[in-house]
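Please treat every number below as a calculation from the coordinates, not as lab data. Since the structure is predicted, the reported quantities are computational estimates derived from the model, not experimental observations. Here the Cβ is made from the backbone with ideal geometry for all residues, glycine too, and neighbour counts use every protein chain on show.
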Amino acid sequence: MLEAIRRRRSIRKYAKEEVPEEDLREILLAAMYAPSAWGAKPWHFVVVTKPELKEKLSRATPYAAHAAHAPVVIVLVADMSLARRWVEDLSIAAAHIMLQAAELGYGTCFVQIRESENQGRDAEEYVRTLLGIPANYNVECMITLGKPAEKKEPHAEGYMEERVHLNRW
Ligand SMILES: Cc1cc2nc3c(=O)[nH]c(=O)nc-3n(C[C@H](O)[C@H](O)[C@H](O)COP(=O)(O)O)c2cc1C
């Protein structure tokens, strides 16, 4: 587990290679096993592979350019009729996606959509309209996914002693 966690780095350059459905399902299954408040499992995943849609997603925020070139972009959406802690629920599901993807040799990168904008245009509304997501569903983030075409070293930072407080601050 710790090895997969160390290996997961934000990858923004991808090989052209497609992601087989079997791997994609395994990655999404990992998300579906995430904990969620009251066990609500409020998540939906929009799996985007069409180049023209990925190109448009890459313009959702100023920090999403790599979405245009990733083989897959997974958009994480919350059903607000189920969700009571949707930001936490979807963030944990996102972490499961990134870690299972790392375990399978893929690179990922989290792209913030919630409360983001591009030149005054609301990113969440932009993505909702682009992908036909209904009004009662919120968009948290998207995760770009593909085989890495850039090399990043695994995390090797030391244990942050000063950030750990035993019993009290
Ligand atoms: C909540 C959150 C939002 C992020 N938003 C973006 C983003 O919009 N675009 C991007 O390229 N990276 C984004 N990242 C990735 C971070 O930049 C990255 O995790 C950080 O630089 C540490 O690098 P590492 O992931 O390789 O450990 C985000 C990460 C998190 C956790």
Given (1) surrounded by fewer than 16 Cβ atoms within 10 Å (Cβ to Cβ); (2) touching a helix residue (DSSP H, G or I) at 6+ places or on another chain (Cβ under 8 Å), residue 3 misses just (2)
Options 130, 99, 90; residue that is surrounded by 16 or more Cβ atoms within 10 Å (Cβ to Cβ), of a type in the set (A, V, I, L, M) and over 20 Å from residue 28 (Cα atoms): 130
For region 37-63, enumerate the residues that are in contact (Cβ under 8 Å) with a residue 40 or more places away in the chain, within 19 Å of residue 19 (Cβ to Cβ) and within 12 Å of the ligand (Cβ to nearest atom). 57
Filter result (part of a strand (DSSP E or B) and out of contact with any Gly (no Cβ under 7 Å at 6 or more places or on another chain)) within region 103-131: 108, 109, 110, 111, 112, 117, 118, 121, 122
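Pick from region 13-57 the residues that are crowded, with 20+ Cβ neighbours inside 10 Å and not hydrophobic (A, V, I, L, M, F, W, C): which of them is farthest from residue 95 (Cα to Cα)?
The selected residue is 54.
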When (1) of a type in the set (Asp, Glu); (2) within 11 Å of the ligand (Cβ to nearest atom); (3) under 27 Å from residue 6 (Cα atoms) are applied to residue 103, the one that fails is (2)
Show the residue pairs that are 6+ apart or on different chains and have beta-carbon atoms under 8 Å apart, the first residue being within region 152-168 and closer than 25 Å to residue 108 by Cβ, the second being among the β-branched types (Val, Ile, Thr) and surrounded by 10 or more Cβ atoms within 10 Å (Cβ to Cβ). 152/11; 155/5
Can you tell me which residues in region 146-169 are more than 13 Å from the ligand (Cβ to nearest atom) and part of a strand (DSSP E or B)? 146
Residues in region 115-140 that are within 18 Å of residue 66 (Cα to Cα) and touching a helix residue (DSSP H, G or I) at 6+ places or on another chain (Cβ under 6 Å): how many? 4
